[in-house]
Amino acid sequence: MSGVFLKDFENFASTATADSPDWLEPIRRTAMDRFARTGFPTARDEEWRFTPLAPIVRRSWRAAAGANEDLTPAQVDPFVFGHPEWCRLVFVNGEHVPGLSFAGSLPDGVIATSLSEVLRNGGDLLQRHFARYARIEENPFTALNTALFRDGGLVHVPAGVDLSLPINLVFLTTREADGTVIHPRNLIVVERNARASVIESYVTLAPGARYWTNPVTEVWTGANTWVEHTRIQRESEAAYHVATTQAEVSRDSHYRSFSMAMGAALARHNLNARLADQYAEALLYGLYITHGEQLVDNHTVLYHDHPNGHSWEVYKGILDGRSRAVFNGKVLVKPEAQKTDAKQTNRNLVLSDFAKVDTKPQLEIFADDVKCTHGATVGQLDEVALFYARSRGLAAEEARRLLTYAFAAEVIEEVALAPVRTELNRLLLERLDEVK
Amino acid sequence: MLEIKDLYASAGTKEILKGISLKVNPGEIHAIMGPNGSGKSTLAQVLAGHPAFEVTRGQVLFEGQNLLDLQPEERAQAGIFLAFQYPVELPGITNAYFLRAAYNEMRKARGQEEVDPMDFLDLLEEKLKVVDWGPEIMQRPVNAGFSGGEKKRNEILQLAVLEPKLAILDETDSGLDIDALRTVAEGVNRLRHPDKAFIIITHYQRLLNYIVPDYVHVLSSGRVVMSGGKDLALELEAKGYEWVDAQAEALAR
C-alpha cells in the first residue's frame, strides 16, 4: 500500500522542489522513508484498536485535485464558519485560494498566510518550528502528511499582540475531491505575552463525496500566552478524516481547545498537548454528534512534563443511529511533574439502542504529589429532567430536544470568545435537526 | 376545580396511595401534612403526571375533565403547576430560555401568540419582584449550582410567570432558612387569587404560619386520616405524628 504513496512522493518531489526550500527536502524524505517502513497502523496496534482503517488502507487515493473549480465567495460563504469580517484563509481541495480569502484587519506584525506562499518566499519561521512538535515517529499519518503536504495555514502572532478577532482557516472540499487525499498542514505560532484565537474548519460543498483528509496542525506558544484553538470537522459523511493536532504550551501559558466533530464516515482526531514548562495550562473541550453509520474517534494525550501544570478536559458526545464513538484520554505525568492537577471527563448521550461508545481513560502517573481524576458516562436523557420540562408545559419531543441541546450547549459554553460561541451554538442547533 | 375520588397509585409493585379523596374549590388553600412515607409527595407527582407512578383505581377531575387521561405537558397547559420538592438542574439551558419556552407553550395552549424575548423580559421584571430577585438570575442555567433556597425561589418564580389555576407546592419549605421561607411564603401570598387554588404539601407546621390554609388534611399510609381547619396544623405540631398514627389505627379498627 505504501508503494502508491512512494510513487506519489517521487512524482511530487520532482515537481515540488523548485518551490521548496532546501531544508525541507530531507525532512520530507525522512518522513516518507518512515511511512514506507511502517505502513498504516493495524488493528493490532493498541492506539488504533477501535478505529477500522480498512476503508482508507484498501483504497488507492489520488493526490488532491487542488482548486480547479471556479468558486465565487457567494457559493462558499454559507459554508464558512463565523463572521465575514474575520480574517480567513480558504483552501479548496487542499489549495489556497486568495480570491476566496479575506485579510481582515489584523494588528501590525500578525501573519496569516498560506504555507505554499511561505515555501515560495522563504522566511525562517517555518523552519524554526516545522515538524518539531508533531513527530513522524509517533504516527504514520503524521509521517505521510509531512512527506506530502502542499498547503495549509500559517499563523504568527508576535510578542505582546492581542488578537481580538479570530483567524479562520477554512478547508473546503468540492465534488472534485472525490477519490483524492488531501494533506493540509498548519502551523500556529503565538509568541510570549500574546493572545490569539484560531479556528480551523473542515467542511464540504459535496455531501456525498468520498475523499480523505489527513491534516496535521502544530501549535507553539511562548511564555504567558493565551490561545483559543477551535476546530470544526464537518466533512462529507462519506469521507475520511484522520487528523493530528500537537500543541506545545509554555510557562504560564493557557491553551484552550474546542473540537467539534460532526462529519465524515470515519473521523479520528489525535489531540496532543504538552505542558512544556511550569504553570502551563491546557483545557481541552470536545463535542461530537453522530448518526447513521458514522464513527468518531477522539484520542487525546496530555503530557504533564513539568511541575504545577493544570489540565482540564471535557468531551461530550451525542450518538444516534448505528454510529460509534471512541474516546481515549491519556494523561502522562512525569516523575518531576509534582503538583499536577488534571481532570478528565467523557460523557455520552446515546439516543438509539444501536449506537455504541468505547471510552477509556488512561492515566500514567509517575509523580506522587498530584491530583488526577477521570470519569466517563454513557447514558440516556434523564427521565426526571424530562418530566420536569414536561411539567412546565413542554411537549415530550420538545423536552427531549431541549435537554439534548442543553447537554451539548454546556460544553460550548466553555468557549471563551462570545462570537465563536454564538456561531457554534447555531451550528449545534442545525446539526441536532439533522440528527433527529 | 379539583376532585380526587378514591385514588390508588403504585410505584412498581408498591402501593402508595390507598384511596384518597379530596375536593378543592377556586380560591382555597389546602395544606396536606403527614409523616415521611405517608404518600404526600406521591400524591403531588401523580397529579402532575409523573410516569414512575401508576394509578390503579379512582378518578381525578380537573375543571370537569379527566386529568389522568392527560400527558404531563397537557396538565401543565390545562393550568396545573407542581413546585418540585427537588427542583431539577438543567445545565446548558438559561433560566430565561426555559421560562420563556414554558410560558409560550402555555400561551399556545390558550390560543395566544408567542412572545418574543424582549417582551418576555418586560414581563419578567414584574415577576422577579415576587421573589425579590434581580434580572441576573435569568442568565444562569436552570437551577444548576443554585443553593437549596434559590432552587425553591426559582420554583415560585416559575409559578408566578406561568400563572396556573392550581399550584401544588411539594415541601417547598423543606431545607429553607427562615428568610428564604418568608420570601417563598410572601411570593405565594402575592399570587393568591379568588380564581386560583393552592395545595401546600408540608411536613412541618412552620410554613403555615406564613401561608394560612383554609383546610388541613393529614395523610398516613396513603389515606387521608384527618381533615380540619387551620387549627389542625397547630394541634398536629403539638401532639406529633404519633397521635395521627394512633388515630389512623383506631380508624382502621
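The values are calculated or read from the model by the stated rules, or taken from the named source; none is laboratory data. Quantities reported herein were computed from a predicted structural model and do not represent experimental measurements. Cβ sites come from the backbone with ideal geometry, for glycine too, and all protein chains shown count toward neighbours.
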Does residue B:132 qualify as being more than 9 Å from chain A (Cβ to nearest Cβ) and part of a helix (DSSP H, G or I)?
-> no
Counting only residues in region B:80-97 that are out of contact with any helix residue (DSSP H, G or I) (no Cβ under 6 Å at 6 or more places or on another chain) and within 16 Å of residue B:164 (Cβ to Cβ), the one farthest from the other protein chains (Cβ to nearest Cβ) is identified as B:80
Restricting the search to region A:376-400, which residues are in contact with a strand residue (DSSP E or B) (Cβ under 8 Å, 6 or more places away or on another chain) and among the aliphatic types (A, V, I, L, M)?
-> A:376, A:378, A:381, A:385, A:389
Which one is nearest to the other protein chains (Cβ to nearest Cβ) among residues in region A:349-375 that are farther than 22 Å from residue A:282 by Cβ and not charged (D, E, K, R)?
-> A:349
Filter region B:46-74 for residues that are touching a residue at least 40 places away in the same chain (Cβ under 8 Å) and of a type in the set (Gly, Ala, Ser); the one that is nearest to residue A:381 (Cα to Cα) is B:52
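Matching residues to (1) of a type in the set (A, V, I, L, M); (2) surrounded by fewer than 21 Cβ atoms within 10 Å (Cβ to Cβ); (3) assigned to a strand (DSSP E or B):
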site: B:152; (1), (2), (3): no, no, no
site: B:159; (1), (2), (3): yes, no, no
site: B:172; (1), (2), (3): no, no, no
site: B:182; (1), (2), (3): no, yes, no
site: B:238; (1), (2), (3): yes, yes, no
Starting from region A:201-222, keep only residues that are assigned by TED's automatic domain parsing to the domain that holds residue A:145 and over 16 Å from residue A:171 (Cβ atoms), then list their pairs with residues that are of a type in the set (S, T, N, Q) and part of a loop (DSSP other than H, G, I, E, B) whose Cβ atoms are within a distance under 7 Å, requiring at least 6 positions of separation or different chains.
-> A:208/A:236; A:221/A:250; A:221/A:253; A:222/A:250
Would you mind telling me which numbered condition in (1) free of Cβ contacts under 8 Å to residues at least 40 places away in the same chain; (2) out of contact with any Asp or Glu (no Cβ under 8 Å at 6 or more places or on another chain) residue B:77 fails?
-> (2)
Extreme residue, surrounded by the most Cβ atoms within 10 Å (Cβ to Cβ), among residues of region A:271-281 that are hydrophobic (A, V, I, L, M, F, W, C) and over 15 Å from the mean Cα position of the chain (by Cα) = A:275
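Conditions tested, residue by residue: (1) in a strand (DSSP E or B); (2) facing another protein chain (nearest Cβ under 7 Å); (3) surrounded by fewer than 17 Cβ atoms within 10 Å (Cβ to Cβ).
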residue: A:377; (1), (2), (3): yes, no, yes
residue: A:385; (1), (2), (3): no, yes, no
residue: A:394; (1), (2), (3): no, yes, no
residue: A:401; (1), (2), (3): no, no, no
residue: A:404; (1), (2), (3): no, no, no
residue: A:407; (1), (2), (3): no, yes, no
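In the list A:107, A:84, A:55, A:41, which residue meets the criterion of being surrounded by fewer than 21 Cβ atoms within 10 Å (Cβ to Cβ) and part of a helix (DSSP H, G or I)?
Unique residue meeting the criteria: A:55.
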Hey, residue B:127 hits all of (1) away from chain A (no Cβ under 13 Å); (2) closer than 30 Å to residue A:316 by Cβ; (3) surrounded by 14 or more Cβ atoms within 10 Å (Cβ to Cβ) but one; which does it fall short on?
-> (2)
What's the number of the condition residue A:381 fails, among (1) away from chain B (no Cβ under 14 Å); (2) at pLDDT below 95; (3) within 24 Å of residue A:288 (Cβ to Cβ)?
-> (1)
Please specify each residue of region B:33-50 satisfying the condition of being under 20 Å from residue B:72 (Cβ atoms) and either outside any helix (DSSP H, G or I) or of a type in the set (A, V, I, L, M, F, W, C) (or both).
-> B:39, B:43, B:44, B:46, B:47, B:48, B:49, B:50
Going through region B:38-73 in order, the residues found to be surrounded by fewer than 17 Cβ atoms within 10 Å (Cβ to Cβ) and of a type in the set (Val, Ile, Thr) are B:55, B:56
Has region A:244-261 got any residue that is crowded, with 21+ Cβ neighbours inside 10 Å, part of a loop (DSSP other than H, G, I, E, B) and not polar (S, T, N, Q)?
-> no
Restricting the search to region A:150-193, which residues are in contact with a helix residue (DSSP H, G or I) (Cβ under 9 Å, 6 or more places away or on another chain) and part of a loop (DSSP other than H, G, I, E, B)?
-> A:150, A:151, A:152, A:165, A:166, A:183, A:184
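One line per residue, one yes/no per condition, for (1) aromatic (Phe, Trp, Tyr); (2) buried (at least 21 other Cβ atoms within 10 Å of the Cβ); (3) at pLDDT below 95:
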site: A:62; (1), (2), (3): no, no, yes
site: A:74; (1), (2), (3): no, no, yes
site: A:80; (1), (2), (3): no, no, yes
site: A:91; (1), (2), (3): yes, yes, no
site: A:100; (1), (2), (3): no, yes, yes
site: A:103; (1), (2), (3): no, no, yes
site: A:118; (1), (2), (3): no, yes, yes
Select from region A:409-436 the residues that are within 12 Å of another protein chain (Cβ to nearest Cβ) and in a loop (DSSP other than H, G, I, E, B) and write down the one among them that is farthest from the chain's Cα centre (by Cα).
-> A:413
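When region A:285-302 is examined, which residues are found to be β-branched (Val, Ile, Thr) and crowded, with 23+ Cβ neighbours inside 10 Å?
A:289, A:290, A:296, A:300 - these are the residues of region A:285-302 that are β-branched (Val, Ile, Thr) and crowded, with 23+ Cβ neighbours inside 10 Å.
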Residue pairs qualifying under the 7 Å Cβ cut-off, at least six apart or on distinct chains, with the first in region A:258-275 being outside the structural domain of residue A:233 (by TED's automatic domain parsing) and closer than 14 Å to residue A:329 by Cβ and the second being in a strand (DSSP E or B) and of a type in the set (Lys, Arg), are none
